[in-house]
Protein chains: 4
Amino acid sequence: MQCNDVQATEPDIKVSLTRVGVTNLKKLVKLKRKNKRDIVLLPTFEVFVDLPSSQKGIHMSRSPEVIEEVVENILLEKEIYGVEDLSVEIVMKLFEKHEYATRAEIMLYSDYMMEEKSPVTQKDSQEIGKIIARAYGVKDENGKIAVKKMVGAEVVGITACPCAQNMLKENAVANLKEKGFSSEEIEKILDSVTIATHNQRGIGTVMIEVPNGYAVGISKIIKIIKNSMSGEVYELLKRSDEAFVVEAAHKNPKFVEDCAREMIKRVVDVFDYLPEDTQVLVRQVNKESIHRHDAFAERNSTIRELRDELKTLTN
Amino acid sequence: MQCNDVQATEPDIKVSLTRVGVTNLKKLVKLKRKNKRDIVLLPTFEVFVDLPSSQKGIHMSRSPEVIEEVVENILLEKEIYGVEDLSVEIVMKLFEKHEYATRAEIMLYSDYMMEEKSPVTQKDSQEIGKIIARAYGVKDENGKIAVKKMVGAEVVGITACPCAQNMLKENAVANLKEKGFSSEEIEKILDSVTIATHNQRGIGTVMIEVPNGYAVGISKIIKIIKNSMSGEVYELLKRSDEAFVVEAAHKNPKFVEDCAREMIKRVVDVFDYLPEDTQVLVRQVNKESIHRHDAFAERNSTIRELRDELKTLTN
Amino acid sequence: MQCNDVQATEPDIKVSLTRVGVTNLKKLVKLKRKNKRDIVLLPTFEVFVDLPSSQKGIHMSRSPEVIEEVVENILLEKEIYGVEDLSVEIVMKLFEKHEYATRAEIMLYSDYMMEEKSPVTQKDSQEIGKIIARAYGVKDENGKIAVKKMVGAEVVGITACPCAQNMLKENAVANLKEKGFSSEEIEKILDSVTIATHNQRGIGTVMIEVPNGYAVGISKIIKIIKNSMSGEVYELLKRSDEAFVVEAAHKNPKFVEDCAREMIKRVVDVFDYLPEDTQVLVRQVNKESIHRHDAFAERNSTIRELRDELKTLTN
Amino acid sequence: MQCNDVQATEPDIKVSLTRVGVTNLKKLVKLKRKNKRDIVLLPTFEVFVDLPSSQKGIHMSRSPEVIEEVVENILLEKEIYGVEDLSVEIVMKLFEKHEYATRAEIMLYSDYMMEEKSPVTQKDSQEIGKIIARAYGVKDENGKIAVKKMVGAEVVGITACPCAQNMLKENAVANLKEKGFSSEEIEKILDSVTIATHNQRGIGTVMIEVPNGYAVGISKIIKIIKNSMSGEVYELLKRSDEAFVVEAAHKNPKFVEDCAREMIKRVVDVFDYLPEDTQVLVRQVNKESIHRHDAFAERNSTIRELRDELKTLTN
């Protein structure tokens, strides 16, 4: 037997595999931007191809090689560039190097630094989010390749529960009535105080398909996620900032379901130019402060379905 | 407004949600077995229902309540019982408590203790695997509920790479020839020594749908996974056990792809009584000892497709 | 060379090692209790011995063997028993099996189920905490072994920030004054409403040395931790329970430092019978809802120091 | 009460705390290097100060503020700079901002990219390690501050077990004798073949104190760790590289204890200029391919003790 290609031999058990590849692979990536500082990322990659029943193995080393080559190339050649374009390039190279493959797939996620200011004192405060990209390619019998790509982000914010706040408001109203305050006075009082509720870290995620010829900005996605929770969180808050953040979040209480719906609405508004069958995923996880477990809400659909529901229901 | 049911009010943004629920919830579960010791598990649960566009929230607390009630009941009422049956019961109760839901879903995974013996010295050695169950229910317009359930396991074993072993064998043959050994002698030598390769922890996963009226034993699944890698691992190995494990694994080298295919073949053989459209997922991840990253192989299909491929190709 | 004991040979580099052993080892443990149900745990173990410069290796397999044997024995022989006693027994057996060792050490931690009731509706609610045990033995030149043991727990609760609440109270007072309410009225109002603040999951940890001849109950430790935060959390809360938990936590706001100090005070009160040089560790981590980072407070000292500080300062 | 400083008030329970601060805080850091590219890191920080019994809280926000300021400053002012110097600067600023503190402490760890070549084909292969820095300051009664700093790294490699290899060699010798090979022939055969053993990912860690006026290079530490295991791992290995890595590791089998001792010896050799009381920590964890658990070895001591042991014992 010729060792140089055990992988190319026939396997004993002739069954095809859906996805074969490497996971948990980290590489430094520099993204060039027009008239802006380069972005340096350290993403974790997952790359896969399918494997026909007639072939034993996939030449595993070619997959990290593809990443290495693409990552090196963008340092030198490309002009402007996003992580989703990087992903498409990797998919195309996966087909090139794994000539038997009819499907190729990549997912990458990376910490991402955002420069921000605390809301009142305007102190500099670096914030860390996560950006995510996927690309998935299919090769037809004529060797034509169709690739879909998605880009998205995961951001931490604060969520305050509307239900507990409502119950505490009712308790307050009952107490105030008992102490002899009039309805008119009570209304004034409720306007003057911030009623408590449980609040917690929430994690919002949005992934959007980027059809060929269209652009979807990661910074817009990050803004959507931040604006869809009760409030933003900051690594650096002086006292007046802290009071501001807490008050703002309590004036904007949201269930985990509300956060998901807010993200949907904003995605439909901001990306109104995207075609109907663009795929959208929206997810919110709240690390409940009153439980050990988490609350979860998700929507996974096309932008057409989202537009239709929003239109129908608001009429 | 009536606080008692903020969740039942109409949301501002009228969009339905795919999955709303709780994740990361741990509960102690006792499973009764006929003529055997009870099994005590501490699973982590994820439970979800869908939410129509007309309703603000899902009454989140009903989901942990469902789990609590079902988990309590099995202590008292049921006779024999598997984690997939537990999952179906939870799905049915989710529909009961979330009357607006048209889909309900649960996933649970738990450490699972197996009593074993080391291979040579026959020392007692507790081994820990993971068992997994899922159930997914859909309610049609007439209120009829159809539930699908899956059961599976995740087990650690050892995998040894056939390609590196082959190259090292070729190097050995070249060296032996140079030292004057004949082809016949070399054959004898290769029969007498165990040639090195890289080997590592592998993690095999199998999930199988359990159609109504059928049974799929978790211990059979665990055995399939263990037998599909190069060898089993043990928490307690005396010296002669260790030599046995290492030699056995090196006589049975397997790519990550081979492990996946072995699992497929054994699933098809062992569960030959399952109907054609039974869903099967098979996954292998190897924590490569020569890389920082992992190797991955997966097949996701119906048992019909697997049977067809195996039949066609072995003819 | 005699293979049977490579480990007993002299190493090339003759340097002693502080700790050699196994980590990340899980075993099922059953603890018998007088007149009560057995407790079933699935702890993760770390066990270590030191290694003299004259010996190459520690016979690694003897360490899981020790755990296996001790864990099996308690099923059969012992009467009453805690995880710290289990730990001491493992340390003694480590010395027996690693005759060259002058130090032996074990740490174990395990999920732990607690049966509870939600605060208002009194619904059953299983809660999961973590219990921890350590034992550390030293053998002197005459072969006499002295062992120290510790036991403790890690429990999740809710913490509400007093500083933000105070600022929001001041804002409320200013608003109310502006709207013409008198100081007397404002006092009544503040008595009637629950002012907001940020609140979050807190994780409290207490570890206490158990001197020979003394007992330290884990359930007492768990109670101390729960009582030292702003409030308890529950896996199951109906609406009235939720309002209760949120109000109670907001009436009892605590900094991360306050939680640590509360735990210290309660440990000193509850365990007033423990001797002066008993070691105590107290730690609180709050997963801040207004930040991505966590707040942390810790005290590590003898009970004597804690008593002295509390005495001196309250005089 | 004056809200602006709840933290500065006296606490109800007057007990001092050992460590109060923030954990899990990520910040982007750029390190300038003379005549070299800047290094961009995204470390996770932990910073602590102690808190006297007379003060309620530590003004938590000042700790992230310190990090933010120091991290910003190094972009502008400093010439050459290591993570341990960054750590000292943060400790000094912690004292400045927390004027009541008598102890201040920081720990940071960060992924770290290394450019490498695969061993045979010389392909570019980015490798990721982890770098770690600590600084710990104490302020005496006269306000004089003494700071200790440490720097180190954590690197993944491959380890091959000498004991299992030895047993398989003995089995091979027995088999070869049975087949009629002479002792002389057997010696030649053993020279020509690579005998198998179990091998796995190992994780080596070295932390070294950096006394004032001394320098300890991180790249030297990384090299020490890599050279102390059976071999290096690579993200990209073509076939001939893979054979090389496997053969090299099998020619250099090492117990977890051996790896720790190799690191000690190399630290003593490479850093022969460091003063006697320099603190050294060395740790090796092997993710055993034949077990689910890990093997562990550690030495924690001064460089004097290490030198003494090495000198005494080699004489």
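The values are calculated or read from the model by the stated rules, or taken from the named source; none is laboratory data. Note that the structure is a prediction, hence the values are computed from the model and not measured. Glycine gets a Cβ as well: all are built from the backbone with ideal geometry, and neighbour counts include every protein chain shown.
Computed values, structure above
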| read-out | value |
| --- | --- |
| Residue within segment D:63-73 that is facing another protein chain (nearest Cβ under 8 Å), surrounded by 20 or more Cβ atoms within 10 Å (Cβ to Cβ) and assigned to a strand (DSSP E or B) present | no |
| Only listed residue being touching a strand residue (DSSP E or B) at 6+ places or on another chain (Cβ under 7 Å), touching a residue at least 24 places away in the same chain (Cβ under 8 Å) and closer than 18 Å to A:Asp191 by Cα, chosen from C:Gln126, C:Gln200, C:Gln165 | C:Gln165 |
| Qualifying residue in segment A:30-38 (condition: more than 18 Å from B:Asn300 (Cβ to Cβ), touching a residue at least 12 places away in the same chain (Cβ under 8 Å) and acidic (Asp, Glu)) | no |
| Residue within segment A:256-271 that is acidic (Asp, Glu), surrounded by fewer than 20 Cβ atoms within 10 Å (Cβ to Cβ) and more than 30 Å from D:Val71 (Cα to Cα) present | yes |
| Hey, B:Thr121 outside any helix (DSSP H, G or I), surrounded by fewer than 20 Cβ atoms within 10 Å (Cβ to Cβ) and either more than 10 Å from every other protein chain (Cβ to nearest Cβ) or among the hydroxyl-bearing types (Ser, Thr, Tyr) (or both) or not | yes |
| So A:Glu242, is it farther than 25 Å from A:Ala133 by Cβ, of a type outside the set (Val, Ile, Thr) and touching a helix residue (DSSP H, G or I) at 6+ places or on another chain (Cβ under 6 Å) | yes |
| Qualifying residue in segment D:100-109 (condition: in contact (Cβ under 8 Å) with a residue 40 or more places away in the chain and surrounded by fewer than 17 Cβ atoms within 10 Å (Cβ to Cβ)) | yes |
| Residue that is farthest from C:Gly202 (Cα to Cα), among those in segment C:262-285 that are at the interface with chain D (Cβ under 10 Å from one of its Cβ atoms) and outside any helix (DSSP H, G or I) | C:Leu281 |
| Condition check for A:Ile208: in contact (Cβ under 8 Å) with a residue 24 or more places away in the chain, surrounded by 23 or more Cβ atoms within 10 Å (Cβ to Cβ), touching a strand residue (DSSP E or B) at 6+ places or on another chain (Cβ under 7 Å) and assigned to a helix (DSSP H, G or I) | no |
| Test set (1) surrounded by fewer than 21 Cβ atoms within 10 Å (Cβ to Cβ); (2) in contact with a Leu (Cβ under 6 Å, 6 or more places away or on another chain); (3) β-branched (Val, Ile, Thr) - B:Thr44 fails condition number | (2) |
| Positions within segment A:14-62 being aliphatic (A, V, I, L, M), more than 22 Å from A:Asp85 (Cβ to Cβ) and part of a strand (DSSP E or B), in sequence order | A:Leu17, A:Val20, A:Leu51 |
| Those residues of segment D:226-236 which are touching a helix residue (DSSP H, G or I) at 6+ places or on another chain (Cβ under 6 Å) and either under 30 Å from A:Gly57 (Cα atoms) or surrounded by fewer than 21 Cβ atoms within 10 Å (Cβ to Cβ) (or both), in sequence order | D:Met229, D:Ser230, D:Gly231, D:Glu232, D:Glu235, D:Leu236 |
| Set D:Ser219, D:Ser230: member being of a type in the set (Gly, Ala, Ser), at pLDDT 95 or above and either on the phi < 0 side of the Ramachandran plot or not assigned by TED's automatic domain parsing to the domain that holds D:Glu115 (or both) | D:Ser230 |
| Residues of segment A:151-198 satisfying the condition of being within 14 Å of A:Glu247 (Cα to Cα) and among the charged types (D, E, K, R) | A:Asp191 |
| Yes/no for C:Ala215 being of a type in the set (A, V, I, L, M, F, W, C) and in a helix (DSSP H, G or I) | no |
| Condition check for B:Phe296: outside any loop (DSSP other than H, G, I, E, B) and away from chain A (no Cβ under 11 Å) | no |
| Which numbered condition C:Asn227 fails, given (1) more than 7 Å from chain A (Cβ to nearest Cβ); (2) part of a helix (DSSP H, G or I); (3) touching a residue at least 60 places away in the same chain (Cβ under 8 Å) | (3) |
| Sole exception among (1) at the interface with chain B (Cβ under 9 Å from one of its Cβ atoms); (2) closer than 15 Å to B:Val256 by Cα; (3) modelled with pLDDT under 90 for A:Phe48, by number | (3) |
| Looking only at segment A:151-198, and only at residues there that are in contact with a Leu (Cβ under 9 Å, 6 or more places away or on another chain), within 14 Å of A:Ala248 (Cα to Cα) and outside any loop (DSSP other than H, G, I, E, B), the one that is farthest from the other protein chains (Cβ to nearest Cβ) | A:Ile195 |
| Given (1) among the β-branched types (Val, Ile, Thr); (2) surrounded by fewer than 16 Cβ atoms within 10 Å (Cβ to Cβ); (3) not in a helix (DSSP H, G or I), index of the condition D:Ile290 fails | (2) |
| Criterion violated by C:Ser110 - all others in (1) away from chain B (no Cβ under 14 Å); (2) assigned to a strand (DSSP E or B) satisfied | (1) |
| Filter result for B:Ala164 (of a type in the set (A, V, I, L, M) and modelled with pLDDT under 95) | no |
| Pick from segment A:162-216, criterion small (Gly, Ala, Ser) and more than 23 Å from A:Val233 (Cβ to Cβ), ranking: nearest to the chain's Cα centre (by Cα) | A:Ala215 |
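Residue by residue, here is whether (1) out of contact with any Pro (no Cβ under 6 Å at 6 or more places or on another chain); (2) over 20 Å from D:Asp12 (Cα atoms); (3) away from chain D (no Cβ under 11 Å) holds:
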| site | (1), (2), (3) |
| --- | --- |
| C:Ile218 | yes, yes, yes |
| C:Tyr234 | yes, yes, yes |
| C:Phe244 | no, yes, yes |
| C:Ala248 | yes, no, yes |
| C:Lys251 | yes, no, yes |
| C:Ile290 | yes, yes, no |
| C:Asp308 | yes, no, no |
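So that you can scan it fast, the table gives a plain yes or no per residue for (1) at pLDDT 95 or above; (2) within 26 Å of A:Leu31 (Cα to Cα):
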| site | (1), (2) |
| --- | --- |
| D:Val20 | yes, no |
| D:Asn24 | yes, no |
| D:Lys30 | no, yes |
| D:Ile39 | no, yes |
| D:Gly57 | no, no |
| D:Glu79 | no, no |
| D:Glu99 | no, no |
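Okay, residues lined up against (1) farther than 15 Å from B:Val256 by Cβ; (2) among the acidic types (Asp, Glu); (3) crowded, with 20+ Cβ neighbours inside 10 Å:
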residue	(1), (2), (3)
B:Gly202	no, no, yes
B:Val216	yes, no, yes
B:Ile224	yes, no, yes
B:Lys238	yes, no, no
